[in-house]
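Structure, as structure tokens:
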Amino acid sequence: MLRTQTCGDLRKSHLGEAVTLCGWVDKYRDHAGIVFIDLRDRYGKTQVKFDLAENSDIQKSARGLRHEDVIQVTGKVCARPDGQANPKLATGEIEVLVRDMVVLNKSATPPFEPDGQTLPNEELRLTHRYLDLRRPALQKHMLLRHQLAKAVRDYFDRLDFLEIETPMLGRSTPEGARDYLVPSRVHEGAFYALPQSPQLYKQILMVAGYDRYYQIARCFRDEDLRADRQPEFTQIDVEMAFVERDDIFRIIDGLVAEMVRTVRNEELPLPLPRYTYQEVMETYGTDKPDLRFGLPIVDVSEIVRDSGFGVFKQAVEQGGRVRGLCVKGAAEKFSRRILDNDLKNLVGEYGAKGLAYFKVAGGKLESSIAKFLNDEQQQAVIAKMQGEDGDLLLYVADAWKVSCAALAALRNRLGRELELYDPASINAAWVVDFPLLTWNPEENRWDAEHHPFCSIVDEDVQHLAGDPGKIRAQSYDLVCNGYEAASGSIRIHDSAIQQQIFDLLNISPETAQAKFGFLLDALKYGAPPHGGIALGFDRWVMLFAGCDNIRDVIAFPKTQRAGDLMTGAPSQVDSRQLRELHIKIDAAAAQPGKPESAETVKTPNG
RNA sequence: GGGGCCGUAGCUCAAUUGGUUAGAGUACCGGACUGUCGAUCCGGGGGUUGCGGGUUCAAGUCCCGUCGGCCUCGCCA
């Protein structure tokens, strides 16, 4: 070892010991006769001192040290003089008086300093990710990620789950997300697909008798990115045989509690609450509500349908709804400009044609449109909204789906802006009874809401023939702080029922056989009832880290255009490689200017 | 595919109505200094204002295009 301790280890108890430390030069303070270096590694920082009186040669060379140089120092642990301790450092009571130093590696002037006061833009951070990852904040996230992964493995191990790896090179299946494809050299014109999830493999593992499976699995989806979505991401993938929905809930409740215990040292009250899809859509307008605060959506359609306000009236007449939020004590918190521009534009992004608002004052409604509601209607609205003087009432009058999306977005923004919750808190709950199918008007057919292997609620079998839209799926989401944090279902284990669902989805027996024949075959050979779930691991790390983008908890994330700014991936490849893969590039697509090799990436000092 | 924000020194930012030689802090280089810890003080170098067009007597500023980053709608079974 090149060191005896780390830069986070030394305390007063080490006084007088000879130690050797290695690390990066974090800060240097040169006083000519004495030089202080803050030496940093991932465990902490230690002040090391070069004194002219101690070793003049070393002291002189120490004056040449700069940010991010890597050095090894040997010396004695000394107490700092009275009043010179640094309470900001865990090692702040001591310093190391250096007798000997080796510059292990001189650093070029870094484009930014890992301990800088201001964070450079993300483009630069991603280009020099090795510097970004030296930042204590990101090191904390990587540690958190490791601790959570370990907690997950320990938990499942205790419960007799087996971690089983499934292939990365698989077969492309229809529906779902766009696949990342890998061309085959051996099979001309054929492609593997990287897994969107290990869904089919884990079901087959159930058939194979591995009744408790989990995997921390990498998944790939070639879809557009978001703050909480990366093209490659990590799922905690779980599947169990001989279980019902409640068994899954119990196991996953325990997992979430274990994670909270591990990283927060808190006991999460169990079981986690459960809400139906209908409930949360009515009350929060989304299937992934942020339950850290109230601010429920209230429907006043029946009250205002007969009012003199055309917008409300027509919305209801056309089969839509008039729904709104009662924002407590906020009557004076938003200027007319904010209401008529910012908030109206916000709901407009979700298709809402407008935003109506009232203030509650003197037990009545106040606003430019209050006159269209008579006294009785005003009282009914206030009562239904549970409004009081000083409250602000906001309404979207539109089709059901539009009012859901618009009010959900509005509710999230108000919750955040008005600080209606503790941003560090974790609030998880189950959402159950999703519809099995959604009608696809473009294709004129039913689409699976979850996936085509999802079983249905027993008593809804009656709707299979008549009213498929009413069928509830035995599927469930775990939502946390407004994110979809997990999603799963009880699967179909009967090939005949599976075929019925394929019929509904307009997947012919021939197509089904061609695409998922291996699964249908497997289901014929003694498939146990089974079900499972997958948790978005990156999102959970993000939630526990208290940050709002997934890139900050992934060591080497990709940009919104799915590029890696550090390596320059994706890149063009050698024509020989393409020939071997039997691939010809369309000349128009081969234009330069797309993501390129790392050589074109801007480097410091030219 | 659509909407929005952004791009000026290595970095973080400023630059009046379109107006003179594009500034500051920090980093970097040189010098001073034996108790600092965002060290301090003195001096210095550093600019294709992302890129390409256009308007104008004059463009960092206005217009068009393009590249890149972020947020978002669609998309993500």
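The values are calculated or read from the model by the stated rules, or taken from the named source; none is laboratory data. Since we're looking at a predicted model, the values are computed, not measured. Because the Cβ atoms are built from the backbone with ideal geometry, glycine has one as well, and the counts that use them run over all protein chains shown. The area values use the complete protein model at the heavy-atom level, side chains included, leaving out ligands, DNA and RNA. Shrake-Rupley method; radii C 1.70, N 1.55, O 1.52, S 1.80 Å.
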Output for Cβ contacts, cut-off 6 Å, separation at least six or different chains, first residue within 15 Å of A:Asn412 (Cα to Cα) in the range A:335-362, second open to solvent by 30 Å² or more (accessible area, probe 1.4 Å), reads A:Tyr350/A:Ala405
- prompt: Among the residues of the range A:488-499, is any free of Cβ contacts under 8 Å to residues at least 40 places away in the same chain and either of a type in the set (A, V, I, L, M) or open to solvent by less than 10 Å² (accessible area, probe 1.4 Å) (or both)?
  reply: yes
>> Residues that are aliphatic (A, V, I, L, M) and open to solvent by 50 Å² or more (accessible area, probe 1.4 Å): does the range A:431-438 have at least one?
In response: no
By residue number, the members of the range A:528-571 that are in a helix (DSSP H, G or I), open to solvent by 10 Å² or more (accessible area, probe 1.4 Å), more than 10 Å from RNA strand B (Cβ to nearest atom) and within 11 Å of A:Asp228 (Cβ to Cβ) are A:Arg539, A:Leu543
Is it the case that A:Thr234 is of a type in the set (Val, Ile, Thr), open to solvent by less than 80 Å² (accessible area, probe 1.4 Å) and farther than 19 Å from A:Gly170 by Cβ? no
- Message: Against the condition in contact with a Pro (Cβ under 9 Å, 6 or more places away or on another chain) and open to solvent by less than 20 Å² (accessible area, probe 1.4 Å), how does A:Leu325 come out, does it pass?
- Response: yes
Among residues of the range A:252-281 being out of contact with any helix residue (DSSP H, G or I) (no Cβ under 9 Å at 6 or more places or on another chain) and under 26 Å from A:Tyr201 (Cα atoms), the residue farthest from RNA strand B (Cβ to nearest atom) is A:Asp253
Of the listed residues (A:Ile471, A:Ile490), the one being under 30 Å from the mean Cα position of the chain (by Cα), under 20 Å from A:Asp247 (Cβ atoms) and assigned by TED's automatic domain parsing to the domain that holds A:Val541 is A:Ile490
### Query
Does A:Phe249 satisfy being away from RNA strand B (no atom under 14 Å from the Cβ) and within 18 Å of A:Leu478 (Cα to Cα)?
yes
When (1) surrounded by 17 or more Cβ atoms within 10 Å (Cβ to Cβ); (2) over 30 Å from A:Ala227 (Cα atoms) are applied to A:Arg129, the one that fails is (2)
For the range A:243-258, pairs from a residue that is surrounded by fewer than 21 Cβ atoms within 10 Å (Cβ to Cβ) to a residue that is in a helix (DSSP H, G or I), with Cβ under 6 Å and 6 or more apart or across chains, are A:Glu258/A:Ala151; A:Glu258/A:Tyr155
| message | Within the range A:586-596, does at least one residue satisfy the condition of being at pLDDT below 95, surrounded by 13 or more Cβ atoms within 10 Å (Cβ to Cβ) and within 30 Å of A:Phe112 (Cβ to Cβ)? | response | yes
